[in-house]
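First comes the structure, then the notes that go with it.
The values are calculated or read from the model by the stated rules, or taken from the named source; none is laboratory data. Since the model is a prediction, treat every value here as computed from it, not as a measurement. Glycine gets a Cβ as well: all are built from the backbone with ideal geometry, and neighbour counts include every protein chain shown.
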Amino acid sequence: MKSLFIRSLSISTLLGFWELTGQFFIDPFFLPPPSQIFDRLTYLSETGELWVHINSSLKRIFFGFVLGSSAGIFFGCCIGGIPIVSEFLELPINFFRSINPLALVPLIMLWFGVEEISKIILISYLVTIVVLYNTANGVVNVPENLIRAARCIGLKKSKIFFSVIIPAAAPDILNGLRLGLGFAILVVIGAEMVGASEGIGYFIMLGRQYVAIDDIFVGLVILGLMGIFLNQIFLFILRNFLKRYVRTNY
């Protein structure tokens, strides 16, 4: 209860300071106050335009996250559990890790056009790398005594991997999935700004083209709320279905 009060107070303070600044100190054209942004957001919601963009971004995030997290867990388990695979893929992975997904936008657009697949590939690219590293780290750092104990009771390698190593590495895997979800939200905006006809990123770019700063702020607010919403869903799943695998009290 105390935590909720503190969080509410911080948000109220921020909004109040923002409102006063936008009303009395800075031209509202350049810094629209929250009241003006809320009116614009309400209008766009009522017309349905905003929901179209939100729906498009959420679909891209979902498919990109599912594809990227699946690939990340698979390759992370291979790298963490098989030394020769780790040595073989170490340099290529470090190479691609250094390439920002947005730097790949021109190439992806040339290969796949401006269709949905191009945005999903960009999202899954970064999610794969994030989840891969956390998964591999979790698998590598499984306590050796757990593996030895499993061998002593006669478990086969495959059984040890799925019954001992994966559960022990689950906290790191889940942490990687949470980070990957956050990065998916970041990447989808960049992809939509370059080549899209719908989505929050596209909506923000329209605001820039038409000098509609209030629309830009609406897009930013929706982006922040989207991140909070998806994070809370993820935490809900952790707390109610995967609590045994969580080390930190979220």
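Can you confirm whether L146 is under 30 Å from G199 (Cα atoms) and either of a type in the set (V, I, T) or modelled with pLDDT of 85 or more (or both)? Talk me through it step by step, then tell me what you get.
Numbers: under 30 Å from G199 (Cα atoms): no; either of a type in the set (V, I, T) or modelled with pLDDT of 85 or more (or both): yes.
Spelling it out, it is not the case that L146 is under 30 Å from G199 (Cα atoms) and either of a type in the set (V, I, T) or modelled with pLDDT of 85 or more (or both).
From the list S35, S86, the one residue that fits, being over 27 Å from I213 (Cα atoms), polar (S, T, N, Q) and more than 24 Å from the chain's Cα centre (by Cα), is S86. All conditions but one from (1) part of a helix (DSSP H, G or I); (2) closer than 30 Å to A212 by Cβ; (3) in contact (Cβ under 8 Å) with a residue 24 or more places away in the chain; (4) not polar (S, T, N, Q) apply to G76; the one that does not is (2).
How many residues are at pLDDT below 85 and either over 20 Å from I216 (Cβ atoms) or in a helix (DSSP H, G or I) (or both) if we restrict to the stretch 22-64?
Applying the first criterion (at pLDDT below 85) to the stretch 22-64 yields 22-29.
Subsequent filtering for residues that are either over 20 Å from I216 (Cβ atoms) or in a helix (DSSP H, G or I) (or both) retains 22-25.
Going through the stretch 22-64 one residue at a time, the tally reaches 4.
Scanning the stretch 141-167 for residues that are of a type in the set (V, I, T) and part of a helix (DSSP H, G or I) returns I147, I160, V164, I165, I166.
Of A170, A191, which residue is in contact with a Phe, Trp or Tyr (Cβ under 7 Å, 6 or more places away or on another chain) and assigned to a helix (DSSP H, G or I)?
Values: A191 fails: in contact with a Phe, Trp or Tyr (Cβ under 7 Å, 6 or more places away or on another chain).
The match here is A170.
Restricting the stretch 27-57 to residues that are among the aliphatic types (A, V, I, L, M) and touching a helix residue (DSSP H, G or I) at 6+ places or on another chain (Cβ under 7 Å), which is surrounded by the fewest Cβ atoms within 10 Å (Cβ to Cβ)? Show your work before the answer.
Filtering the stretch 27-57 down to residues among the aliphatic types (A, V, I, L, M) leaves 31, 37, 41, 44, 50, 52, 54.
Then keep just the ones that are touching a helix residue (DSSP H, G or I) at 6+ places or on another chain (Cβ under 7 Å); that gives 31, 37, 41, 44, 50, 54.
Values: L31: 16, I37: 21, L41: 20, L44: 20, L50: 21, I54: 19.
Looking at residues that are among the aliphatic types (A, V, I, L, M) and touching a helix residue (DSSP H, G or I) at 6+ places or on another chain (Cβ under 7 Å), I get L31.
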